[in-house]
Amino acid sequence: MNGSAERGEPQSIMDAAVLANALLGGGLPPEAEFHLWEAGLSYHLDDVAEQHLRQAEALAPQHAAVLIGLYRFYFYKGRLADALTVAKLCLEKAARENKLAADWHDVAAGDAAFGHYENILPRFYLFTLKGYAYLQMRLGNLDEGRAAVVKLLELDPSDKVGAKVLLDVLNRMGLDEDG
């Protein structure tokens, strides 16, 4: 079994982790980076890959590269509740990095440069909130998912992160239930 998705995912985990490391503070210890690489190489071996990710986390707790690696691993393995746990940690980190309110409900459009897509920290916050919203929806927490999507559109009215797609899905679900 040597499909392109199987080959592609380990690389994308590491690509995301390297990007996060470069853009969100750097400082990833070499040992943690080693474990991220090993997690990518052993992606097809769930227990081994997860152990490497957990070792990276122990070496660099709360580092964006490690959190993104964990998130992507759980997401693509279909472990959505675990991915949501990591998404919440990412959201907390993104709030701290952007000096925003800890509770995303309390964040306002003027609190960061959300409208400037080139600003990596506000963009990280928006994409993290989008992931949180999506996972809430997938796990059946539709009200929480909708609230997060509405907040995204408030923070990013030009919808650079594509939150409207999630809102459209929610609205169609509501129509299906009524009809």
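The numbers here are math on the coordinates, done by the rules we state, and not lab data. Computed from a predicted structure; not experimentally measured. Glycine also receives a Cβ, built like all others from the backbone with ideal geometry; neighbour counts cover every protein chain displayed.
Kirkwood hydrodynamic radius, region 25-167, all distinct C-alpha pairs: what's the number in Å?
Values: mean 1/r = 0.0638 Å⁻¹.
Here the Kirkwood hydrodynamic radius works out to 15.7 Å.
Cα centroid distance between region 126-179 and region 41-98, in Å?
22
With each label point set 7 Å from Cα along the Cα-Cβ vector, what nm distance links residue 44 and residue 150?
Calculated label separation equals 4.7 nm.
Using only the alpha-carbon atoms, what does region 103-179 span along each of its principal axes? Please give whole angstrom values in decreasing order.
So the three principal-axis extents are 42, 22, 17 Å.
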